Structure formats: C-alpha cells, structure tokens
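The values are calculated or read from the model by the stated rules, or taken from the named source; none is laboratory data. All of these numbers come straight from a predicted model, not from anything done at the bench. Glycine also receives a Cβ, built like all others from the backbone with ideal geometry; neighbour counts cover every protein chain displayed.
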Amino acid sequence: MSSEKVKVYLDKYFLIIMALFVIIISLFIKNSYFYHILILGGIYSILAIGLNILTGYCGQINLGIAGFYAIGAYAGALGNLRLGLNFWWCILFAIVITGIFGFLIGFPALKVKGGVYLVLVTFGFAQIVQVVLFQWISLTRGPMGLVGIESPQIGTFTFFLPQHWFYLIYAFTILVVFIAGRIVDSRIGRSFIAIRESDSAAQSIGISLTFYKVLAMVITSVFAGIAGVLYAFYMSVVSPDAFDFNLSVLVLMMIVIGGLSSIPGCILGALAMVIIPEFLRKYGQFQMVLYALGIILIVTYLPNGILGLGISIRQLFAKFINSDKH
Amino acid sequence: MLLEINNLTKKFGGLYANKDITLHVEEGKIIGLIGPNGSGKTTLFNVVTGFLQPTKGEVIFDGDVISNLKPHLIARKSLVRTFQQVNLFKGMTVFENVLVGTQCKLPNKIFKVIARTKDLKQEEKRLFEKTEYILDLIGLYDKKNVQAYSLPYGHQRILEIGRALATDPKLLLLDEPAAGMNIKEKDDLIELIYKINQKGITVWIIEHDMNMIVGVVDKVAVLDSGEKIADGSSEDIQRNKKVIEAYLGKEVI
C-alpha cells in the first residue's frame, strides 16, 4: 500500500524501532523497579491499543475495558490454577473467553440506537464483572484473590527475572502492535473509520454497521484479555479490586492523551500514565492534583493528543452522540 | 422495470410523509423527482434505500423485494444513494473516500486481510486502480490527497457521487446533487450525469433546479404533500395544471 495514496497509521519502521528500544533498554537498565514500570507500561499499551481500535478508529466509546481485562486475568489465573494449563494455553484460553464475551456484549449493545447506550452497557458490564468476581467465592475466592500462578516457561527456561518479563511482555506488545497495524491499515480499518466519520454514509456504501462494530468490540476485548493474562502471570496474583472503573477511565485517558487513532500514541499514553505518577510521587499529597491538572492541560491544548491523527476527543463525543441521527 | 415502488405509504405518527405512491423507474433512463419542499421526496429515497421502513406497500429492485432490507444490503445489491446534506468521510482524503466505496461488494475475509495474502494484495491493487479511474472520471484526480473537509462545497458534492460510483451501482439515487452549486459547477454536474448514464447506470435525481431537470431527464415524477400528482416527460409536467398549482400555491422556487 503506497503511503502517498492512503494514510498509513502504523509506519513499517515503528516495529523495528520498538524492538531496538527494548534491546537497548535491556542492555543498559539494571534497576528492577524501572523494569516494573516499563512492564506495566507494556501491559497497559496492549489495553490502550485494544481500546483504540473500538474508540479511536471505530468511534464507539467504551467505558468497560476493565471488565474484559478482568475476564482475561481470571481466565488466565483459573486456567493455570484449576485447569493446570500453562501460560501459553492460558493465553489461548483467555482469547477465546474474552472474545466470546466481547461478542455477547457487543451484539446487543451495538444494535441499540443511540451511542449513549453503549457507554452505559459497557460501564454496567464492567461493574457486574467486578461484583461477580468479588461474590463468586467458590470460583474466585472473592476479595482474597487467587495466588500462586506459575511462571511461564519455554521448555526448561522459566521467566522469573525482571529482564525476562520485560522481554516477554514486550514481545507480546510488539505482536499486538503488529496485528493492530495490519487491521487498521487495511480495508477493515477503513470501514471502521468510515463508521466513525458517518454511520449513514458508511451504510449507504455497503458497510454493515453491526458486523464491523461487533468486530471492533471483539478485537478490543481479545486484546484486553491478552493483557489480562500477562498481568495475572506477571503479578502471579489476581484480585478483583484491581479491575475497577478507574482503570477503564485510565485506559481511555491513555488513548486520548496519546492521540486517538494513533498506535504509537497509545504506547506513549500508556507509558505516560504509568511513569508520570511515579515522578510526581515526591510531591506527596499534590501528586493527584498535579496529575489531574496535567491531564486537563493536555486535553485542552492538545485536543488531538500528543501524536494525534485525525480526530479529537471532542469531535469523537460529538459524532458518537449524534450517530444514528440522519 | 429496474425499480418498482408499489402503493408505498410512510407514516410518522399521524402524518403521511408518503401516501400510496406508485412509481416505476426504467433501466437505463435518467428520471427526475420534483416537488415543493416537504413533499416527501427525501423520505421516499430513505424508504427505497432502507433507511426507513415503509408503513405499507413494497419496493422491488431488479426483481427482488427490498422493502425491509437494511441499507447496507440494498447498497450491495447495487442500489446506491447520495445525501441531501453532504455526507462525506471528512477525516479521510478524497482518494480514501472513493476507495472505501470500492470495497462495497467484497466479502469480509478478515483473516486474509490481516495476513495480507497475495491474492488480497492483488485485490487491493485493483481497488486502488479503480479509485484512480473514478477520480479521473469525476475530475478530482489532482485533488486526491486533499482532506475531504477542505474541498470547496461543489467538489464535496461531486466527491460524494464519485464514492457512490465506486460501489458499481445499477441504480444511483442523487438527492439534490446541484444544491449550492454555481452555474459552471451545475454544467459539470450535468455532464457527469450523462457520462454516468452512458455507462449504463440508471439515475434517479431529486432536484429543485428546473433547468437542470428539464435538460437532463427522460421522465419526471412530481410529489406534493406526500402524494404523486404527476408523472411524464418534462414538457408534459411543465404544462400540468396540478404541478403548477402545487408550486405556485406554496413558496415559489
């Protein structure tokens, strides 16, 4: 696809640059806390890239990604602890489970007229997931959480050092970036953007709203599921309180700040939202205030995000609320 | 008959937007649809293209009953429309707008698309070539990398027609394509409509500009207050008493 003709959302060199960064960092960084932050950044990047497909490209606002993240994490945890699946099978298992949930939630939610309903349904879904995880004690041990998730292995090699995890998580992040790039720089991506730009025009040229909106939802939920498994195995513990509404909002913030419909922006946003609070820690009580202030400033003065391409959050909300009105 | 609208009624609550309309569109022709503001023309287009469901009656296109199909399915059957208010993908370039149109009838082979198989790349190449061909046809080739929102209004309307053409329609419904255009733009539009028709595409136009209508169409149907009041050649229509009353009795256009 020649880049002078169509906008390319993922530059082909980006993956190489990412891989180089990973290698360079691993050669020079020894601080395990630093690795921890980067690893979390990598996991959140996957969440952000996933949400971006549905929200940044397809224009459907989702406030419940924490729900799919939780399902992925618990699928991974339960798969390992109760079914004896190893890490790799758990990834597959989580993909299937979150994909099914993405479809089941997506189908009715996206068929309903009026974009606001999707927001409510996804919000409600994530809340229900968290409540179920707290209450279904026999399955999840409720607030006590699940512990002792085994470390991933390849053959006789076990991933346990921070550097090992760094490579593993970023291998997945790079894979996700690759697949996301393939999706958005394709006719599928163009259909998503068409739907975001105008529901009615998209329909008038043969694009099935239901098919593509549900597809976007499934892709988002599967990516969130993968991130969930990575989280569960990395922490080797899962508990329901990590998967709350704040997390859904945080991921939305990441893609807004990084730039809606920019894949590199998602990674930037994810890293920023993980790293900046750490830098602000020295301000103690003011940490949250400065953090919130920073977000407000960026959204006000950089409405397209830092690497924004194409659409600002205000435009997205306007389109979203006015969709189905023609 | 390519398109048959039989006894079509569309009610909104107690209001008849379209009342018992029977109208046929013959293949290969250019047909006009005129009427005072609010007479139900766009509503009729919306019902025919699946954006609204008929209250009563049926729509048959190319032998198939399409009365209750969703809009995207009707588009895939080669019945495509443009909108009264410009409805472009503003965040995309001119090229991309038309390109999305070329995808209309392709099956959704998700995994092949992600894998970028060889035959898929070939297909993409053909879509790109088709897009360039259409841009050339509508005269926007040199603007292909321009963002759609920054085009002048007249060009935006032409682009929307180009996007519709990209879907390979048999029947093209144009809703007030000349609205807001200057005389030069209208001349270019008429030429484009002739070109489209010469390719075998049937065209059905809603228009207010009488000169455009008279110059271009083979037949005209006239709506007033939701009902069809006349149907015939443009000469017959201009002399028809009911038509004259409909226009003079309301705002003069």
**OP:** Scan (1) within 14 Å of chain A (Cβ to nearest Cβ); (2) at positive phi; (3) buried (at least 23 other Cβ atoms within 10 Å of the Cβ) for the single condition B:V47 breaks and write down its number.
**Re:** (2)
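Hey, among B:I201, B:I138, B:I196, B:I183, which residue is away from every other protein chain (no Cβ under 14 Å) and more than 20 Å from the chain's Cα centre (by Cα)?
Values: B:I201 fails: more than 20 Å from the chain's Cα centre (by Cα); B:I138 fails: more than 20 Å from the chain's Cα centre (by Cα); B:I196 fails: more than 20 Å from the chain's Cα centre (by Cα).
Of the residues listed, the single one that is away from every other protein chain (no Cβ under 14 Å) and more than 20 Å from the chain's Cα centre (by Cα) is B:I183.
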Original post:
If you go through the stretch A:138-160 one residue at a time, how many are exposed (fewer than 13 other Cβ atoms within 10 Å of the Cβ) and not β-branched (V, I, T)?
Top reply: 7
**OP:** Of the numbered conditions (1) in contact with a strand residue (DSSP E or B) (Cβ under 6 Å, 6 or more places away or on another chain); (2) polar (S, T, N, Q); (3) within 14 Å of chain B (Cβ to nearest Cβ), A:S151 fails exactly one; give the number of that condition.
**Re:** (3)
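Applying the selection to the stretch A:183-198, what residues are more than 25 Å from A:I16 (Cα to Cα), assigned to a helix (DSSP H, G or I) and within 9 Å of chain B (Cβ to nearest Cβ)? Walk me through how you get there before you give the answer.
First, the residues of the stretch A:183-198 that are more than 25 Å from A:I16 (Cα to Cα): A:191-198.
Narrowing further to those that are assigned to a helix (DSSP H, G or I): A:191-197.
A:S191, A:I193, A:A194, A:R196, A:E197, listed by residue number.
Hey, can you tell me all the residues within the stretch B:91-112 that are assigned to a helix (DSSP H, G or I), surrounded by fewer than 21 Cβ atoms within 10 Å (Cβ to Cβ) and facing chain A (nearest Cβ under 7 Å)?
Step one: list which residues in the stretch B:91-112 are assigned to a helix (DSSP H, G or I), which gives B:94-102, B:110-112.
Still in the running and surrounded by fewer than 21 Cβ atoms within 10 Å (Cβ to Cβ): B:110-112.
Result: B:I110, single match.
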Original post:
Among the candidates B:N108, B:N87, B:N97, which residue alone is free of Cβ contacts under 8 Å to residues at least 12 places away in the same chain and under 27 Å from B:V48 (Cβ atoms)?
Top reply: B:N108
Original post:
Got at least one residue in the stretch B:113-124 being facing chain A (nearest Cβ under 8 Å) and part of a loop (DSSP other than H, G, I, E, B)?
Top reply: yes
Original post:
For the stretch A:293-308, what are the residues that are outside any helix (DSSP H, G or I) and either in contact (Cβ under 8 Å) with a residue 24 or more places away in the chain or under 20 Å from A:L280 (Cβ atoms) (or both)?
Top reply: A:L302, A:N304, A:G305, A:I306, A:L307, A:G308
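Residue by residue, here is whether (1) at negative phi; (2) at pLDDT 95 or above holds:
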{"position": "A:G155", "(1), (2)": "no, no"}
{"position": "A:T158", "(1), (2)": "yes, no"}
{"position": "A:P162", "(1), (2)": "yes, no"}
{"position": "A:L175", "(1), (2)": "yes, yes"}
{"position": "A:V184", "(1), (2)": "yes, no"}
{"position": "A:R187", "(1), (2)": "yes, no"}
{"position": "A:D199", "(1), (2)": "yes, no"}
{"position": "A:V214", "(1), (2)": "yes, no"}
{"position": "A:V218", "(1), (2)": "yes, yes"}
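Condition check: surrounded by 18 or more Cβ atoms within 10 Å (Cβ to Cβ) and assigned to a loop (DSSP other than H, G, I, E, B). Does B:L88 satisfy that?
On the way: surrounded by 18 or more Cβ atoms within 10 Å (Cβ to Cβ): yes; assigned to a loop (DSSP other than H, G, I, E, B): yes.
Against the criterion (surrounded by 18 or more Cβ atoms within 10 Å (Cβ to Cβ) and assigned to a loop (DSSP other than H, G, I, E, B)), B:L88 qualifies.
In this structure, does B:K112 turn out to be under 30 Å from A:R190 (Cβ atoms), charged (D, E, K, R) and either within 15 Å of the chain's Cα centre (by Cα) or in the same structural domain as B:V217 (by TED's automatic domain parsing) (or both)? Lay out the reasoning, then the answer.
On the way: under 30 Å from A:R190 (Cβ atoms): yes; charged (D, E, K, R): yes; either within 15 Å of the chain's Cα centre (by Cα) or in the same structural domain as B:V217 (by TED's automatic domain parsing) (or both): no.
No; evaluated as a whole, the condition is false for this residue.
With in contact with a His (Cβ under 7 Å, 6 or more places away or on another chain) and either surrounded by 15 or more Cβ atoms within 10 Å (Cβ to Cβ) or more than 30 Å from A:F28 (Cβ to Cβ) (or both) as the only criterion, which of A:Q203, A:Q135, A:Q163 stands out?
Working: A:Q135 fails: in contact with a His (Cβ under 7 Å, 6 or more places away or on another chain); A:Q163 fails: in contact with a His (Cβ under 7 Å, 6 or more places away or on another chain).
None of the others qualify; the one that does is A:Q203.
Quick grid of which residues meet (1) part of a helix (DSSP H, G or I); (2) in contact with a Lys or Arg (Cβ under 7 Å, 6 or more places away or on another chain); (3) closer than 30 Å to B:Q84 by Cα; (4) hydroxyl-bearing (S, T, Y):
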position	(1), (2), (3), (4)
A:G181	yes, no, no, no
A:I207	no, no, yes, no
A:K213	yes, no, yes, no
A:M217	yes, no, no, no
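Under the condition of being out of contact with any Phe, Trp or Tyr (no Cβ under 9 Å at 6 or more places or on another chain) and crowded, with 22+ Cβ neighbours inside 10 Å, which residue from the stretch B:35-44 is farthest from B:A246 (Cα to Cα)?
Of all residues in the stretch B:35-44, those out of contact with any Phe, Trp or Tyr (no Cβ under 9 Å at 6 or more places or on another chain) come to B:37-39, B:41, B:44.
Restricting the remaining residues to those that are crowded, with 22+ Cβ neighbours inside 10 Å gives B:39, B:41, B:44.
Details: B:S39: 10, B:K41: 14, B:L44: 18 Å.
It comes out as B:L44.
Give B:Q238, B:Q156, B:Q198 a once-over and let me know the one that is assigned by TED's automatic domain parsing to the domain that holds B:V98 and among the polar types (S, T, N, Q).
After applying the criteria, what remains is B:Q156.
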Original post:
From the residues in the stretch A:241-290 that are among the polar types (S, T, N, Q) and surrounded by fewer than 21 Cβ atoms within 10 Å (Cβ to Cβ), which one is farthest from A:R182 (Cα to Cα)?
Top reply: A:Q285
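Among A:L146, A:L110, which is in contact with a strand residue (DSSP E or B) (Cβ under 9 Å, 6 or more places away or on another chain) and among the aliphatic types (A, V, I, L, M)?
Numbers: A:L110 fails: in contact with a strand residue (DSSP E or B) (Cβ under 9 Å, 6 or more places away or on another chain).
Selected residue: A:L146, the only one of A:L146, A:L110 that is in contact with a strand residue (DSSP E or B) (Cβ under 9 Å, 6 or more places away or on another chain) and among the aliphatic types (A, V, I, L, M).
Filter the stretch A:223-239 down to residues that are part of a helix (DSSP H, G or I) and surrounded by fewer than 24 Cβ atoms within 10 Å (Cβ to Cβ) and give me whichever is nearest to the other protein chains (Cβ to nearest Cβ). Walk me through it before giving the result.
Pass one, the stretch A:223-239, residues part of a helix (DSSP H, G or I): A:223-235.
Still in the list and also surrounded by fewer than 24 Cβ atoms within 10 Å (Cβ to Cβ): A:234-235.
Numbers: A:Y234: 27, A:M235: 30 Å.
Checked the stretch A:223-239; the qualifying residue nearest to the other protein chains (Cβ to nearest Cβ) is A:Y234.
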Subject >> Evaluation of A:G284 against (1) in contact with a helix residue (DSSP H, G or I) (Cβ under 8 Å, 6 or more places away or on another chain); (2) of a type outside the set (V, I, T); (3) over 24 Å from A:C58 (Cβ atoms) (one fails), failing number >> reply: (1)
**OP:** Among the residues of the stretch B:137-181, write down those that are part of a helix (DSSP H, G or I), touching a Phe, Trp or Tyr at 6+ places or on another chain (Cβ under 9 Å) and over 19 Å from A:K5 (Cβ atoms).
**Re:** B:Q156, B:E160
Subject >> Scan of the stretch A:199-215 for residues that are small (G, A, S), facing chain B (nearest Cβ under 7 Å) and without any contact (Cβ under 8 Å) to a residue 12 or more places away in the chain, ordered by number >> reply: A:A201, A:S204, A:G206, A:S208
Subject >> Residue ID - nearest to A:V214 (Cα to Cα), chosen from residues in the stretch A:111-166 that are of a type in the set (V, I, T), outside any helix (DSSP H, G or I) and free of Cβ contacts under 8 Å to residues at least 24 places away in the same chain >> reply: A:V112
Original post:
Among the residues of the stretch B:204-211, is there at least one that is more than 15 Å from the chain's Cα centre (by Cα) and not hydrophobic (A, V, I, L, M, F, W, C)?
Top reply: yes
